[in-house]
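Comments concern the structure below.
The values are calculated or read from the model by the stated rules, or taken from the named source; none is laboratory data. A quick note: this is a predicted structure, and the numbers were derived from the prediction, not measured. Neighbour counts run over all protein chains shown; Cβ positions are idealised from the backbone, glycine included. We work out accessible area using only protein heavy atoms, side chains counted, and drop any ligands, DNA or RNA first. Shrake-Rupley method; radii C 1.70, N 1.55, O 1.52, S 1.80 Å.
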Amino acid sequence: MVLQPPDVETASEGYASRFQGSAGQYLLRAQERALLSLLPHGSPLTVLDVGGGHGQTASVLAREGHAVTVLGSTPEAFHRLRALGLQHRCRLATGDLLSTPFADASFDVVVSVRLISHMEDWQRLIAEMCRVARGAVIIDYPRTVGVNALTPVLFGVKQRFEGNTRNYRSFSDEQIAEAFDRNGHHVAARVGQFVLPMVVHRFTGAGPVSRGLESLAARVGLRDRFGSPVMIRADRRTAGQRSASEEE
């Protein structure tokens, strides 16, 4: 079996079916809140959505009035966007996700959601996103802390329950921060999305109990500290601002 590029798989109808129903919509709303809270404020932005053929971020960004370019590895990656009618609201570009067809500092913000944990050369992906970002880079990733640390043990259960799921890489916050630091960016903000595994919310239908536990975790500060996936914004260092390694 030939494996599809990660962004093609994420843009499939089978993957989109995981976000149907009350639980799926609950997960997408949390992701949307995190994204909007991290976007720089001000005038409409030029945004590159790397591997965003699933439409989850492009739809939000276009609705907010930003000029969105979605980069897909092949034309197949845009099937879902076209089904949603988003090809009329976004620019679609095809190219290598690790060597994008754009000049340095081409976009105000570069966004990538639901991609890095499925990329073998994830450090090169971060480097490329930093290269084409004039300002911030926003990504999400599963963490190696909290309940998500049990992923290797629980993956079999997750796969049986969700069906359309894949192996993925989890990261420590330090790993991600160091990769951005090497590429002239520093992590400026983090937003944890869920303390409970997403499969729990799917199993319960994101009912009052699981949502209540998440609200409690947010109030006492556990969600940002241990929540997974976490969404971060890494800002380009200003002139004269030292890297983390230089400060040590």
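Across the range 1-109, the convex hull enclosing all Cα atoms gives 109 Å³ per residue. Modelled this way, with points 7 Å down the Cα-to-C-beta line, the labels at SER106 and ARG82 are 2.2 nm from one another. Of all beta bridges that DSSP places with both ends in the chain, some 40 percent have antiparallel geometry.
Using a probe of 1.4 Å, the accessible surface attributed to HIS186 totals some 60 Å² when neighbouring protein chains are kept in position. Evaluated with a Cβ-only charge set (Lys, Arg +1; Asp, Glu -1), the range 47-122 carries a dipole of roughly 440 debye about its Cα centre, given to the nearest 20.
With θ taken as phi - 60° and the Karplus curve 6.51 cos²θ - 1.76 cosθ + 1.60 applied, the whole-hertz 3J(HN,Hα) list for the range 11-26 is 8, 7, 5, x, 5, 4, 5, 5, 10, 8, x, 5, 5, x, 5, 4 Hz, x standing for glycine and proline.
Descending by average beta-carbon neighbour count within 10 Å, the peptides 8-15, 204-211, 46-53 line up as 46-53, 8-15, 204-211, the highest first. Relative to the current alpha-carbon distance between GLN25 and SER99, full extension at 0.36 nm per residue lengthens the span by 23.3 nm. Between the beta carbons of LEU36 and SER215, assuming R0 = 25 Å, the FRET efficiency works out to 0.85 to the nearest 0.05.
Summing +1 for each Lys or Arg and -1 for each Asp or Glu among the other residues whose beta-carbon sits under 14 angstrom from that of CYS90 gives +3. Return the carbon/sulfur percentage of the accessible area of the chain, one whole number, probe 1.4 Å, all protein chains in place. The nonpolar share, carbon plus sulfur, comes to 53 percent.
Each stretch of four or more DSSP H residues adds -39500 (n - 2.57); spread over every residue of the chain, this sum gives -11000 deg cm²/dmol at 222 nm. Taking label positions 7 Å along the Cα-Cβ direction at both LEU222 and ARG63, the computed distance is 3.0 nm, reported to one decimal. Placing a label point 7 Å from the Cα of THR144 along the Cα-to-Cβ direction, the residues of the range 175-194 whose backbone N falls under 12 Å from that point are 175-177. Distances between every pair of Cα atoms in the chain, grouped in 10 Å steps from 0 to the bin holding the largest one, split as 7, 31, 38, 20, 3, 0 percent. Using the Cβ-Cβ distance between ARG91 and THR238 with R0 set to 41 Å, the FRET efficiency from 1/(1 + (r/R0)^6) comes to roughly 0.90. Only protein heavy atoms count here; under a 1.4 Å probe, LEU222 has an accessible surface of about 70 Å².
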